[in-house]
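**Student:** Okay, here's the structure, questions in a sec.
The values are calculated or read from the model by the stated rules, or taken from the named source; none is laboratory data. Quick caveat: nothing in here was measured; it's all calculated off a predicted structure. Backbone-built Cβ (ideal geometry, glycine too); neighbour counts: all protein chains shown. With ligands, DNA and RNA removed, areas are computed over all heavy atoms of the protein, side chains included. Shrake-Rupley method; radii C 1.70, N 1.55, O 1.52, S 1.80 Å.
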Amino acid sequence: MAIPKNTLVMQSGGNTAVFNRSLFGVVSEALGSEVPGKVYGAVHGLEGLLADELLDLGTYSAARWKAIARTPGAALGSTRRKLESEDVPAVLRVLSSRGIGQVHVIGGNDSAATGHALHKKAVVAGLPLRVVNVPKTIDNDLVGTDHTPGYGSAARFVALATMGAGRDAEAMGSAAPITVLEVMGRDAGWLAASSALARREERDAPHVICVPEVPVDEQRFAGLMEGAYRQHGFAVAVVAENARGIDGPLGPDAVPWYTDEFGHPYYEGAGHHLAALLGRRLNVRVRYEKPGTIQRSMAACVSTADAKEAEMAGRAAVRAALKGETDIMVTLVRSEGDGYGCGTGLAPLAEVADAVREMPPEYLDPDHYGVTESFLDYVRPLLGTPLPRFGRV
Ligand code: F6P
């Protein structure tokens, strides 16, 4: 059966600073392809698809797209809506009536599950459809890819924020010597770990990094922070939002205060708990900082490498679909050899769906709540241009 020539693109899950660069990649590649059909964008992903709320993305000028490509957030609107079986008839009806043969979901592991389910339902219904997802998440936790678009820019933010927070705590001295910075990363510590790039000298922040892969012994954490404080006069910890204690979630919330449609639990946050612990133990002022959405939307921190690769992944998805690939996600493949280079590959959606790529043991130094040199070598090029060097008197 001939494949309908129109394309649908959706943005899904947590935003990144380069989400729209991938959108731009998909749209410009699809509009410039040899089989140009219409390119539709679903407003708020699955929610817009269900409501047949689709925008014709070919109607915007090149200048408008240039501006969208460098805008944080999701220009189409994102969603955390899960595809339920009762949604399927409406979804297939819209795809068929709009003549859509190619679907690109720009998203993470939940979106891979959505793309995979969509593919299976279309096969059962006899609807010709190619589903090729574009990877995206600041968490860097998708399996099958060296890294994910969105991570490098958020990592750049976290490294710069850690450098700045460290110098601030150092400058304030006894007035406010301790800072706990809590960063995102739902199931894995890649983002918190990237703060280690801030440390060029022993006294530089961060002094402790807490990631979900390494359960936090509160007494040992406090001991390490106290040691850094006594030695340097200040101390900074970077804590992943879901860093865990030895016996489960850190802090007073044994039960999450919210759980989303995908079953992701939301807690108050590990950083707040650890900051209070330090304040009581050291009897000094402890700052608790949580950049929240700022870490994934700071235009000034976009990594040059990340932006380029986000667009490359979007373009690669369109080319793969036009070649007949389906039920697949584009991956980023690091080149072998000296120097940093990156190309694209493909991974089955079934392998990416709902799976989490945690940090491997060789990147972690659990004894010091830190990371290894091999992790620093892995992450450094993803942040793009070199981080600034600060001075001291
Ligand atoms: O999935 C990416 C992410 O930014 C995670 O790091 C974080 O746990 C989650 O999204 C936050 O979700 P929301 O944007 O729904 O608050």
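**Student:** Report the full-extension gain for the segment Tyr340 to Met1: residue separation times 0.36 nm, less the Cα-Cα distance, to one decimal in nm.
**Tutor:** 117.8 nm
**Student:** Give me the percent of Cα-Cα pairs in the chain that sit more than 38 Å apart, rounded to a whole number.
**Tutor:** Above the 38 Å cut-off, the chain has 23 percent of its Cα pairs.
**Student:** Hey, what's segment 207-271 come to in accessible area per residue, 1.4 Å probe, Å²?
**Tutor:** Computed with neighbouring chains in place, this is 45 Å² per residue.
**Student:** Leaving ligands, DNA and RNA out of it, work out the accessible area of Arg319 with a 1.4 Å probe and give it in Å² to the nearest 10.
**Tutor:** Only protein atoms counted, so the area is about 110 Å².
**Student:** When averaged across all projection directions, what area in nm² does the alpha-carbon convex hull of segment 242-331 cover?
**Tutor:** 9.9 nm²
**Student:** Calculate, for Glu218 and Ala171, the FRET efficiency according to 1/(1 + (r/R0)^6) with r their C-beta to C-beta distance and R0 30 Å; round to the nearest 0.05.
**Tutor:** 0.60
**Student:** Just the number, please: carbon plus sulfur as a percent of the accessible area of the chain, 1.4 Å probe, no ligands or DNA/RNA counted.
**Tutor:** 52 percent
**Student:** While we're looking at this one, here's another question. Note down the net charge around Pro177, summing +1 for each Lys or Arg and -1 for each Asp or Glu among other residues with Cβ under 10 Å from its Cβ.
**Tutor:** +1
**Student:** Okay, next question. Sorted by accessible area (1.4 Å probe), largest first, how do Lys82, Lys290 line up?
**Tutor:** The ordering from most to least exposed comes out as Lys290, Lys82.
**Student:** Below 13 angstrom from the Cβ of Ser22, what's the summed charge of the other residues (Lys, Arg +1; Asp, Glu -1)?
**Tutor:** +1
**Student:** For segment 39-91, what does the alpha-carbon gyration tensor say about shape, rounded, prolate or oblate, given a ≥ b ≥ c as the root eigenvalues, a/c under 1.5 as rounded, and a/b over b/c as prolate?
**Tutor:** Judged from the Cα gyration tensor, segment 39-91 comes out oblate (a/c at least 1.5, b/c at or above a/b).
**Student:** In deg cm²/dmol, rounded to 500, what helix-only [θ] at 222 nm does the chain give when every DSSP H run of at least 4 residues adds -39500 (n - 2.57) and the total is split over its residues?
**Tutor:** -10500 deg cm²/dmol
**Student:** For Thr59, Thr79, what's the largest-to-smallest order of accessible area, 1.4 Å probe?
**Tutor:** From most exposed to least exposed: Thr59, Thr79.
**Student:** Which helices, counted as full DSSP H runs in the chain, have an axial Cα extent of no less than 27 Å and a Kyte-Doolittle average of -1.0 or above?
**Tutor:** Span-like helices here: 151-172, 304-322.
**Student:** Among rounded, prolate and oblate, which fits segment 183-238 when a ≥ b ≥ c are the square roots of the eigenvalues of its C-alpha gyration tensor, a/c under 1.5 means rounded, and a/b larger than b/c means prolate?
**Tutor:** oblate
**Student:** Name the most mobile residue of Ala205, Ala347, Ala17, meaning the one with the largest mean-square fluctuation, in a Gaussian network model of the chain with Cα contacts below 10 Å.
**Tutor:** Ala347
**Student:** What shape does segment 1-101 take by its C-alpha gyration tensor, where a ≥ b ≥ c are the square roots of the eigenvalues and a/c under 1.5 counts as rounded, a/b above b/c as prolate, and the rest as oblate?
**Tutor:** Verdict is oblate for segment 1-101.
**Student:** Quick check: with the 1.4 Å probe, what order do Met184, Met172 take by accessible area, largest first?
**Tutor:** Met172, Met184
**Student:** Now for a separate question. Going through the cross-link list Lys38/Lys120; Lys82/Lys308; Lys66/Lys121; Lys121/Lys308; Lys38/Lys121; Lys66/Lys120, which pairs have a Cα-Cα distance over 27 Å in this structure?
**Tutor:** Checking Cα-Cα distances, Lys82/Lys308; Lys66/Lys121; Lys121/Lys308; Lys66/Lys120 exceed 27 Å.
**Student:** Can you send over the solvent-accessible area of Glu201, 1.4 Å probe, protein chains only, in Å² to the nearest 10?
**Tutor:** Looks like 90 Å² after rounding.
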